[in-house]
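In what follows, a single structure is set out as structure tokens and then discussed.
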Amino acid sequence: MKFGKVKGVLQGIDVSNWQGSVNWPGHAEAGVAFAFAKATEGGDWTDKWFARNWNGMRESWLVCGAYHFARPKGDPVQHARHFLATIRSAGGLRRGDLIALDLETGDGLRPEQVARYARRWCHHVERSTGVRPFIYTFHSFANSGHCAGLGEHPLWIAGPEHARGRPAVPRPWNDWTIHQYAQSPVDRNVFHGTRKDLTKLGFHPR
């Protein structure tokens, strides 16, 4: 599927082990400019395709993003360390690389406990890398209080029920940064802005 170029809009995808082997050159040729790949879940699970995806994105000149699937019942600092170690073993962060926390399950905890986990995970990652993580979530989950205190983080909102680039924005945010507008056959995302605008939200060597 060719996206076609829309002025001031970047097209992206996100992938995990469910996609298996990803044709990164093909996606780049079709107009994909950025991508996120799942790296870890919880404190000990690593996506077996992550290293291949991380390098495939880079070799295809996409803006590279890595995400961690939150399991809020665990230790957020241990989970953050596992995530960062997984990125290091795949080749590490380079200028402009993006980081995200996938926050969509409470693991049976109260919303304020989930939000506390997320804030601590993000704090450790930001202190270690200088990158403020995106928060990937969906409207009802965020509006239930699971994202309290995260409004300063860029919002990556899952909203396939809304037109591309026109998602509903949940509290505590005032605006969205990335909109996941489709989830089949692959998750598709849009960012309003330029490549330079997007990489400003990523890693910058100290």
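The values are calculated or read from the model by the stated rules, or taken from the named source; none is laboratory data. As the structure is a computational prediction, the values presented were derived from the model and not from experiment. Methodologically, a virtual Cβ is constructed for each residue, glycine included, from the backbone with ideal geometry; neighbour enumeration extends over all protein chains shown. When the accessible area is computed, the model is the full protein with side chains, heavy atoms only, and any ligands, DNA or RNA have been set aside. Shrake-Rupley method; radii C 1.70, N 1.55, O 1.52, S 1.80 Å.
Data for the structure
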{"quantity": "Structure-based [θ]222 nm, the chain - -39500 (n - 2.57) summed over DSSP H runs of at least 4, per residue, nearest 500", "calculated": "-8000 deg cm²/dmol"}
{"quantity": "Matching label, Rg/Rh (Cα atoms, Kirkwood Rh) computed from the structure shown, candidates [x] 0.93; [y] 0.99; [z] 1.24", "calculated": "[x]"}
{"quantity": "Shape box of the range 58-130 [Cα atoms, principal axes, largest first, Å]", "calculated": "41, 20, 18"}
{"quantity": "Carbon/sulfur fraction of accessible area - the range 1-118, other protein chains in place, 1.4 Å, %", "calculated": "49 percent"}
{"quantity": "Base-10 log of normalised Debye intensity for the range 128-199 (one unit scatterer per alpha-carbon) at q = 0.24 Å⁻¹", "calculated": "-1.12"}
{"quantity": "Net dipole in debye of the chain [+1 Lys, Arg Cβ; -1 Asp, Glu Cβ; about Cα centre; nearest 20]", "calculated": "560 debye"}
{"quantity": "Over 26 Å (Cα to Cα) - which of Lys73/Lys196; Lys48/Lys73; Lys48/Lys196 fall in this group", "calculated": "Lys73/Lys196; Lys48/Lys196"}
{"quantity": "Probe 1.4 Å, accessible area per residue of the chain, Å²", "calculated": "48 Å²"}
{"quantity": "Kirkwood estimate for the range 22-144, i.e. one over the average of 1/r between Cα atoms, Å", "calculated": "14.8 Å"}
{"quantity": "For the chain: relative contact order, % (alpha-carbon pairs under 8 angstrom, 6 or more apart)", "calculated": "21 percent"}
